[in-house]
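> My questions all concern the structure below.
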Amino acid sequence: MIIGIYPGSFDPVTFGHLDIIERASKMVDKLIVGVLQNSAKTPLFSMSERVKMIEDLTQNFGNVEVKSFGGLTVNFARECGATVIVRGLRAVTDFEYELQLAQTNKVIAPDIDTIFLTTNLKFSYLSSSTVKEIASFDGDIHEFVPAEVERKMKEKYKK
């Protein structure tokens, strides 16, 4: 059984993330979306909120599971029995950073490979940070995130 993980902070989960999840889920027997607690960032949504949103949005994918984690991605991959880490690439600027991570992970965990999926062109400009900035100014984000995520973001920014 080939198990893959797709790690990220997913704050919030966007259509770009969902595109990668859907495509990656077709490449492995089981895909675990790993929601990272990133100490370098202050999230809009709590860990449990992010996990629940992704669970709700991927419930029709038969082989996708969502888990939270902290620490090194390769350690999380090992805990899950994964041999593949999935990463999405939007632009050339992502590639250099992601390649460095993949090569470092390969030294730490030679038994785990990283695969890169290029983002669908219609999502190539999209980032969670951009979506949060637009939403914080009450901008229209319906083309970037599912309706339930948009609703939850509006609730957060009204507080």
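> Since PHE61 meets every condition but one in (1) of a type in the set (Phe, Trp, Tyr); (2) over 23 Å from LYS152 (Cβ atoms); (3) touching a strand residue (DSSP E or B) at 6+ places or on another chain (Cβ under 9 Å), which condition does it not meet?
It is condition (2) that PHE61 fails.
> So which residues in segment 70-104 are on the phi > 0 side of the Ramachandran plot and touching a residue at least 60 places away in the same chain (Cβ under 8 Å), if there are any at all? Steps first, please.
Keep residues of segment 70-104 that are on the phi > 0 side of the Ramachandran plot, which gives 71, 81.
Of everything in segment 70-104, just one residue is on the phi > 0 side of the Ramachandran plot and touching a residue at least 60 places away in the same chain (Cβ under 8 Å), namely GLY81.
> Another question, then. For segment 110-149, which positions are buried (at least 18 other Cβ atoms within 10 Å of the Cβ) and without any contact (Cβ under 8 Å) to a residue 40 or more places away in the chain?
Within segment 110-149, ILE112, THR114, ALA135, ILE141 meet the criteria.
> Another question about this same structure. THR114 - would you say it is at pLDDT 95 or above and of a type in the set (Ser, Thr, Tyr)?
Details: at pLDDT 95 or above: yes; of a type in the set (Ser, Thr, Tyr): yes.
Judged against the criteria, THR114 is a match.
> Are there helices (runs of 4 or more DSSP H) fully within segment 54-159 with at least 2 residues that are among the β-branched types (Val, Ile, Thr) and within 17 Å of the chain's Cα centre (by Cα)? List them.
Working: elements: 73-80, 92-108, 128-136, 147-158.
Helices (runs of 4 or more DSSP H) meeting the threshold: 73-80, 128-136.
> I'm checking my understanding of the structure. Among residues of segment 1-54 that are within 19 Å of SER129 (Cα to Cα) and basic (Lys, Arg), which one is modelled with the highest pLDDT?
Filtering segment 1-54 for residues that are within 19 Å of SER129 (Cα to Cα) and basic (Lys, Arg), the one modelled with the highest pLDDT comes out as ARG50.
> Please go through segment 44-58 and give me each residue that is farther than 20 Å from TYR157 by Cα, surrounded by fewer than 18 Cβ atoms within 10 Å (Cβ to Cβ) and touching a residue at least 40 places away in the same chain (Cβ under 8 Å), ordered by number.
Selection gives ASP56 alone.
The values are calculated or read from the model by the stated rules, or taken from the named source; none is laboratory data. From a predicted model like this one, the values you see are computed outputs, not experimental measurements. Using ideal geometry, Cβ is built from the backbone for each residue, glycine included, and neighbour counts are taken over all protein chains shown.
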